[in-house]
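Participant: Please find one structure pasted underneath; my questions will follow.
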Amino acid sequence: MAMNVGGDSGDEPSVMATINTTPLVDVMLVLLIIFLITIPVITQHVKVKLPHANNTPTVTKPHEITISVTRNGSTYWGTELVSSGRLLQKIMQVAVEVPQPAVKIRGDRNADYRYIGHVLYELQRGGMVKVDFISEPTANDIGVH
C-alpha cells in the first residue's frame, strides 16, 4: 500500500490519503484460484450407488401408568385389580425401562390416605422416580364463578 506525501510548496497538495487496493485484490484472486483448484481434489470419491430409504423419525415416548385407588382401598393397575404384592412386582418390571414411564395416581377423594400412602411406598420400593397425582379442576380453574 502506498501513500503519496507531497512537499510543502504551494503547487502540490499537502497529503493524499488514498489506499491502493490493487495488491489486496491480487491476493484475493490468487486465494480464489487456489480454492477452485483444490475443491475437486477434495471431493473425489469412489462411485457407489446407495440404496434409497424412507426416513421416518421414531419418537420414543414413555408410556404412562395409571394406578387407581378406590374409596375402600382397592388398587387398580390400569383397569386390572391388583394385590399389594402384585403391585410391587409390576412396579419393579416397569422401573427398569429406559426411559422410565411416568406413574399417575388417581385416588378417590373419599379414600383413606393410608391406601394412597401404601401405593407411594410401593412405588418408592420398586424404584419409580416420576409420580404424578391426578385431580379434577375446581370451578375457579375452569373459569366458572
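The values are calculated or read from the model by the stated rules, or taken from the named source; none is laboratory data. What you see is a predicted model, and the numbers here were worked out from it, not measured in a lab. Positions of Cβ are backbone-derived with ideal geometry, glycine not excepted, and every protein chain shown enters the neighbour counts.
Participant: I need the full set of residues from segment 62-76 which are more than 35 Å from the chain's Cα centre (by Cα) and of a type in the set (D, E, K, R), in order please.
Facilitator: Answer for segment 62-76, where residues must be more than 35 Å from the chain's Cα centre (by Cα) and of a type in the set (D, E, K, R): just Arg71.
Participant: If you go through segment 114-136, how many residues are assigned to a loop (DSSP other than H, G, I, E, B) and surrounded by fewer than 15 Cβ atoms within 10 Å (Cβ to Cβ)?
Facilitator: Summing the residues that are assigned to a loop (DSSP other than H, G, I, E, B) and surrounded by fewer than 15 Cβ atoms within 10 Å (Cβ to Cβ) in segment 114-136 gives 6.
Participant: Taking segment 68-113 only, how many residues are assigned to a strand (DSSP E or B) and more than 13 Å from Met128 (Cα to Cα)? Steps first, please.
Facilitator: Kept after step one, since they are assigned to a strand (DSSP E or B), are these residues of segment 68-113: 68-69, 75-77, 80-82, 102-107.
Still in the list and also more than 13 Å from Met128 (Cα to Cα): 68-69, 75-77, 80-82, 106-107.
Residues in segment 68-113 being assigned to a strand (DSSP E or B) and more than 13 Å from Met128 (Cα to Cα): 10 in total.
Participant: Suppose the filter is hydrophobic (A, V, I, L, M, F, W, C) and modelled with pLDDT of 95 or more; does Val82 pass it? Give the derivation first.
Facilitator: Working: hydrophobic (A, V, I, L, M, F, W, C): yes; modelled with pLDDT of 95 or more: yes.
Yes.
Participant: While we're on this one: State which residue is farthest from the chain's Cα centre (by Cα) when the search covers only segment 77-120 and only residues that are polar (S, T, N, Q) and farther than 16 Å from His63 by Cβ. It would help to see each step written out before you state the result.
Facilitator: Residues of segment 77-120 polar (S, T, N, Q): 79, 83-84, 89, 93, 100, 110.
Right, trim to farther than 16 Å from His63 by Cβ and you get 83-84, 89, 110.
Numbers: Ser83: 38, Ser84: 37, Gln89: 32, Asn110: 40 Å.
Applying the filter and picking the extreme gives Asn110.
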